[in-house]
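The values are calculated or read from the model by the stated rules, or taken from the named source; none is laboratory data. None of these values were measured; they are calculated from a predicted model. Neighbour counts are summed over all protein chains in view; Cβ atoms, including those assigned to glycine, are modelled from backbone coordinates with ideal geometry. Only protein heavy atoms, including side chains, enter the accessible area calculation; ligands, DNA and RNA are left aside. Shrake-Rupley method; radii C 1.70, N 1.55, O 1.52, S 1.80 Å.
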Amino acid sequence: MKLKKVLFAFSVCSMVSIFASCKKEVAPLNDGIYSGSAAGRNGDISVSVKITDGKVADASILSDSETPEIAEPAKESIIRSFIKEGSTEGIDIVSGATLTSNAIIAALNDALDESRGKKKPDVTFSDCECDIVIVGAGGAGLVAATEAASKGAKVIVLEKMGIVGGNSNSSTGGINASYTKEQERLGITDSPEIFYKDTMKGGYYMNDPKLVRTLVDNSAAIVEWLQSDLVGADLSDVGIFGGATNKRIHRPLGGQAIGIHLVPLLHKAAKRQNADIRLNNKVIDVLSENGKACGVRVATKYGEYTVKAKAVIIATGGFGANPDMVNFYNPALKGFGTTNHKGATGDAFEMLKKFDAALVLMEQIQTHPTVVPGSGVMLTEAVRGNGAILISRTGKRFVNEMENRDIVSEKILEEPGKTAFLVFDQGVRDSLKVIESYSKQGLLTTGITIDELAEKLQIPAKEFEATVVEYNQFVRNQNDEAYGRNPASMERELSLPPFYAVECGPAIHHTMGGLKITPDAEVLNKNDEVIPCLFAAGEVTGGVHGGNRLGGNAVADFCIFGKIAADSALKAIGKQ
């Protein structure tokens, strides 16, 4: 027995010794005021940290370009926690402000490293070669990188911003797909043919039928690809969005926003496959050799360099954050706000003029109807899909909430004040996790009763209450006699207090036009000839969505054609 005790004591001591020796040594903090920075959604966030007696004494945000409504809660919460704890360990990410939160934490750590005498090494690049170079690390670029690198190609991804994801970071809905295992599990009847018809109708039949057919026929397979061990996405929740006949928008369980779920997974997946992802590397030219794409010229703060490649994939996104380009192609949208990140400026179109690349549907620019005025915060269509209604300042409904986005936007602009109120109850809130982020951003107006909410919104209480009573009857009857709303989006009466509202209006959201491509993601010139070794995917392309994009089709587009672009590039260079 004594021997066992001695052995046990020795074992415990050995474990303690091992853990102690494995514990990471952290250099002490030196007194002084230090600065740090990191890339947020709209640019760098800079912070200042004061160290006194080797401990954090104070901290503040020096500068940032983040959207105030999103950034302020994150700034306040993270800086307060950092000063209290003296470290960034265990600080919670602020819901709805993931990119901003991560950037603030990274900037604070940067300042702490400076106080410890750690200097970040300068990262410089020189001329190099690879199999496939991908321009843009948004959703399409990350999918293409993951696929191409997983098949053994040497891949370099170049992103002009300081973070990956682009507009995909802000995607709140999900990915449309039909005839999937998830639909079958949930008893949802759907088919690629119905999906095809919905997409063509939603795009006013201006879509390229071949591209739409490619989209719908590959949709179930891309969901399985995203759910596979390669990526590991959760797409188990299936809902309905505007313009869809059936429930087909796949998203994380509980209705979490798809962007903040999918982008980090794709980023990790691409890196696991050894894709070389370079941030703050802006492509300024696509190289041509005898009419064939053969690489790119890149600019960094340290100078320029060239990447020679056997194939080039363009995944630079749309131009919704370029007001001059928006106004040029659609003057009616002059002065509109945008939901786009500031890097969505349409750089690729100028670079590809030397190839005589064809552009299609450039004037087709979509507004999203439910954006918080002045902030760019987009209220996902899933809130309406799960039962919310739109109320004008008259206290009445004025549109089928699940109509195409452009129609809902147009109807809102016809109402007093050119905005509306998105109204829902606790039942809708409980059904969708993303609403909690709106609450934490202070966007919700709350009333215990409909009358109280009406008073806070300064709208006629009698008309508002009558509207809700009428809508609830429509839900019970599964028949919207006023506006013909799809019963699949009318599963809940608005009857569980408290009641909520968010003011909203249209803002530029998606540019449907772009590079003309084949179903194999090959870029075409103005003579409809394939430009050798040049491929494109995502919002930089045109034709998939026609004159209007259905919610959920953007993620389907960039995932499906991102993978196709990679497979086509692999085939072109003899690796598939």
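Contact map, segment 71-94: first residue on the phi < 0 side of the Ramachandran plot and among the aromatic types (F, W, Y), second residue surrounded by 12 or more Cβ atoms within 10 Å (Cβ to Cβ) and in a loop (DSSP other than H, G, I, E, B), Cβ cut-off under 7 Å, separation 6 or more or different chains; pairs are F82/T88; F82/I91. Total residues in segment 401-448 satisfying the condition of being of a type in the set (K, R) and over 24 Å from G243 (Cα atoms): the figure is 1. If I ask for residues that are open to solvent by 10 Å² or more (accessible area, probe 1.4 Å), of a type in the set (A, V, I, L, M, F, W, C) and within 22 Å of A145 (Cα to Cα), which ones from segment 251-262 would you list? Passing the criteria: only I260. Of the residues that make up segment 408-419, is at least one touching a strand residue (DSSP E or B) at 6+ places or on another chain (Cβ under 6 Å), in a loop (DSSP other than H, G, I, E, B), β-branched (V, I, T) and under 28 Å from N479 (Cα atoms)? Yes - at least one qualifying residue is present in segment 408-419. Exactly one residue out of I79, I93, I105 is of a type in the set (V, I, T) and more than 22 Å from N169 (Cβ to Cβ): that is I79. State whether the residues of segment 116-133 include one that is crowded, with 24+ Cβ neighbours inside 10 Å and farther than 30 Å from G90 by Cβ. There is at least one residue in segment 116-133 that is crowded, with 24+ Cβ neighbours inside 10 Å and farther than 30 Å from G90 by Cβ. Among the residues of segment 504-523, those identified as within 22 Å of the chain's Cα centre (by Cα) and either open to solvent by 10 Å² or more (accessible area, probe 1.4 Å) or more than 30 Å from V469 (Cβ to Cβ) (or both) are P506, A507, I508, H509, H510, T511, M512, G513, G514, L515, A521. When segment 428-466 is filtered for residues that are under 21 Å from the mean Cα position of the chain (by Cα), in a loop (DSSP other than H, G, I, E, B) and of a type in the set (A, V, I, L, M), the ones remaining, listed by number, are L432, L443.
Once segment 239-257 is narrowed to residues that are of a type in the set (A, V, I, L, M, F, W, C) and modelled with pLDDT under 95, the residue that is nearest to C559 (Cα to Cα) is A257.
Look at I313 and say whether it is within 23 Å of I188 (Cα to Cα) and crowded, with 17+ Cβ neighbours inside 10 Å. The answer is no for I313. Here D480 fulfils each of the conditions (1) among the charged types (D, E, K, R); (2) touching a Phe, Trp or Tyr at 6+ places or on another chain (Cβ under 8 Å); (3) in a helix (DSSP H, G or I) apart from (3). Can you tell me which residue is farthest from G40 (Cα to Cα) among those in segment 304-352 that are touching a residue at least 40 places away in the same chain (Cβ under 8 Å) and of a type in the set (F, W, Y)? Here the answer is Y329. Look at segment 535-555: where a residue is part of a loop (DSSP other than H, G, I, E, B) and a partner is of a type in the set (S, T, Y), sitting 6+ places away or on another chain with Cβ atoms under 7 Å, you get E539/T511; V540/T316; G546/Y204; G546/Y205; G547/Y204; N548/Y204; L550/T199. Among residues of segment 488-509 that are part of a helix (DSSP H, G or I), those with a beta-carbon under 7 Å from a residue that is of a type in the set (V, I, T) at least six positions away or on a different chain give the pairs A488/I240; S489/I240.
When residues of segment 288-303 are filtered for being in contact (Cβ under 8 Å) with a residue 24 or more places away in the chain and in contact with a Ser or Thr (Cβ under 8 Å, 6 or more places away or on another chain), how many remain? Adding up the residues that qualify gives 7. If only residues of segment 51-88 that are among the charged types (D, E, K, R) and open to solvent by less than 50 Å² (accessible area, probe 1.4 Å) are counted, the one that is farthest from A111 (Cα to Cα) is E66. Within segment 158-166, does at least one residue satisfy the condition of being part of a strand (DSSP E or B) and open to solvent by less than 10 Å² (accessible area, probe 1.4 Å)? Scanning segment 158-166, I find at least one residue that is part of a strand (DSSP E or B) and open to solvent by less than 10 Å² (accessible area, probe 1.4 Å), so the answer is yes. Taking the listed residues K526, K575, K563, the one that is within 18 Å of the chain's Cα centre (by Cα) and open to solvent by 30 Å² or more (accessible area, probe 1.4 Å) is K563, with no other qualifying. Looking only at segment 387-430, residues that are more than 19 Å from A461 (Cα to Cα) and touching a helix residue (DSSP H, G or I) at 6+ places or on another chain (Cβ under 9 Å) come to 13 in all. Set side by side, the residues S115, S171 differ, and just one is touching a Leu at 6+ places or on another chain (Cβ under 7 Å), hydroxyl-bearing (S, T, Y) and in contact (Cβ under 8 Å) with a residue 40 or more places away in the chain, which is S115. Specify the residue that is nearest to A27 (Cα to Cα); the eligible residues are those in segment 91-112 that are open to solvent by 50 Å² or more (accessible area, probe 1.4 Å) and in a helix (DSSP H, G or I). Looking at residues that are open to solvent by 50 Å² or more (accessible area, probe 1.4 Å) and in a helix (DSSP H, G or I), I get N109.
Going by the structure shown, is R278 farther than 30 Å from E363 by Cα and either buried (at least 17 other Cβ atoms within 10 Å of the Cβ) or modelled with pLDDT of 95 or more (or both)? Yes: the conditions hold for R278.
Among the residues of segment 522-576, those identified as over 21 Å from T345 (Cα atoms), charged (D, E, K, R) and at pLDDT 95 or above are E522, K526, D528, E529, K563, D567, K571.
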